[in-house]
Amino acid sequence: MDSGKKSLINVLLSVLAPVLILEKCSGSGGAWYDWGTVWALVVALSLPIGCGVYSVVSQRRVEPLAVFGLLGTLLTGVVSMYANSGAGEAIRPDTPWWYAGKELMVATMLAGAVLVTARGRSSLLRAFVYSEALYDIPLIEQKVQELGCTDDYRRLELQGSRLMAASLLGSGLANFGLSLYFLLPVLQLPAADQALAYNQAVGGMHWWGFVVIGVPLMATLVAVMRFLARRLQALTGLPADRIFLK
């Protein structure tokens, strides 16, 4: 299966299917798709977890992004269990803040990992943006050695890592605000309606987070990639069609 089909299937199973399950299958009516709030949440979260595990097993390597994605999904399950563990039918009143904090924590950890690995040859910048699948890194580094500008090259990689970390932190802050926007109104509903509304809010956050935050984040990472390309051209004298792989 080519990478385009894999990406499409991953989006369907990790984003769209969980959203539909949480929004449409959390009811308690008599229809076949009314699974209740608990089972709808379990099934919805199991899909991205399953995709992540399958990716690790099939590729026989651990992708950092997959690890953080799994961590975020598992923490969503933990927070959701906590939300529904209070007395009565209402969710716990501090749930929105725990959920928002979880979103910010995962993004902060990922940004921190980008900075910690910034000076190594296995940096997360190289895994996500400055990748050998996109750039002709052997040619670039050969030219850097010839020109004796290794220190400038390392500083450029560090700058790219800092820009990437900043974009991830911005994404985390945006997710923090989005979580509160969706979850705080749930507390204003009658206790009997809060569990269902919570599931629907989580589904809404998955969708809107992908559209409102995921797309701008991708655009930001593309901007970082273009920044690196321009600086590499200036540093090495190589034209753009030699910087990037054909």
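The values are calculated or read from the model by the stated rules, or taken from the named source; none is laboratory data. Keep in mind that this is a model prediction, so the values were computed, not measured. Glycine gets a Cβ as well: all are built from the backbone with ideal geometry, and neighbour counts include every protein chain shown.
Checking each residue in the stretch 214-246 for being over 20 Å from LEU169 (Cβ atoms) and either surrounded by 16 or more Cβ atoms within 10 Å (Cβ to Cβ) or among the hydroxyl-bearing types (Ser, Thr, Tyr) (or both) picks out ALA229, ARG231, LEU232, LEU235, THR236, LEU238, ARG242, ILE243. Of all the criteria given as (1) in contact (Cβ under 8 Å) with a residue 12 or more places away in the chain; (2) over 26 Å from the mean Cα position of the chain (by Cα); (3) in a helix (DSSP H, G or I), the one not satisfied by ASP193 is (1).
Does the stretch 161-173 include one or more residues that are over 16 Å from the mean Cα position of the chain (by Cα) and in contact (Cβ under 8 Å) with a residue 60 or more places away in the chain?
yes
Among the residues of this structure, GLY120 does not count as one that is modelled with pLDDT under 90, within 30 Å of VAL42 (Cβ to Cβ) and surrounded by fewer than 18 Cβ atoms within 10 Å (Cβ to Cβ).
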